[in-house]
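The structure appears right after this line, and notes come after that.
The values are calculated or read from the model by the stated rules, or taken from the named source; none is laboratory data. Please read all numbers here as calculations on a predicted model, not as lab measurements. Ideal geometry is used to build each Cβ from the backbone, glycine not excepted, and the neighbour counts take in all protein chains shown.
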Amino acid sequence: MLDEIRSRIEAEIAHLTNELTVVLPKAIKTAVEHGDLRENADYKSALERQQFVQARLGQLTQRMGELSKIDPDSMPHDRVGFGSRVKLYDIGMAEEVSFTVVAGDFMDLDAGQVSLASPIGRGLLGAREGQEVVVMLPVGERRFKVLELLTLPQQLGVSGEE
């Protein structure tokens, strides 16, 4: 999972760097050639996009730094945390659901991913296999039983010795 996140970040960094160094300078140059910059929507749009790209690159660089600090050896091997794959029984809906707990930047509900910062992610954090958890959602309380748990250290083959 860490490698997948790293490659997604690296790909986005490469794309945004190209946009910042190649695409946007051309767009700005073209807009400048059109004349009066005070009322030039193309120029303003290109500058706003440039600021956005610079800010996003800063966020991604910070995220890469955070990823490099993740030590699977120090992560719990028996509780839900970042990178955990969990199979749950939704008691109220009487159905099984599966999630992977991810960072908010890379959440994809269609792929069965929930953010650590989401109500479900926060509610599951620290839960053990077999445990029942109560999650407070905007629509009310929901109860889940953790049927199966595969933590990030287990996925990476890190020893269960803490």
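Points to keep in mind about this one:
- Against the criterion of being modelled with pLDDT of 85 or more, surrounded by fewer than 19 Cβ atoms within 10 Å (Cβ to Cβ), among the aliphatic types (A, V, I, L, M) and touching a helix residue (DSSP H, G or I) at 6+ places or on another chain (Cβ under 9 Å), MET136 qualifies.
- The residues on offer are ALA103, ALA46, ALA111, ALA41, and the sole one that is at pLDDT below 90 and buried (at least 17 other Cβ atoms within 10 Å of the Cβ) is ALA103.
- Scanning the stretch 1-39 for residues that are hydroxyl-bearing (Ser, Thr, Tyr) and closer than 30 Å to PRO153 by Cα returns a single hit, SER7.
- Just one of the numbered conditions (1) modelled with pLDDT of 90 or more; (2) more than 32 Å from the chain's Cα centre (by Cα); (3) of a type in the set (Lys, Arg) is not true of ARG56: (2).
- The single residue among SER68, SER74, SER84, SER98 that is under 16 Å from the mean Cα position of the chain (by Cα), surrounded by fewer than 16 Cβ atoms within 10 Å (Cβ to Cβ) and of a type in the set (Gly, Ala, Ser) turns out to be SER68.
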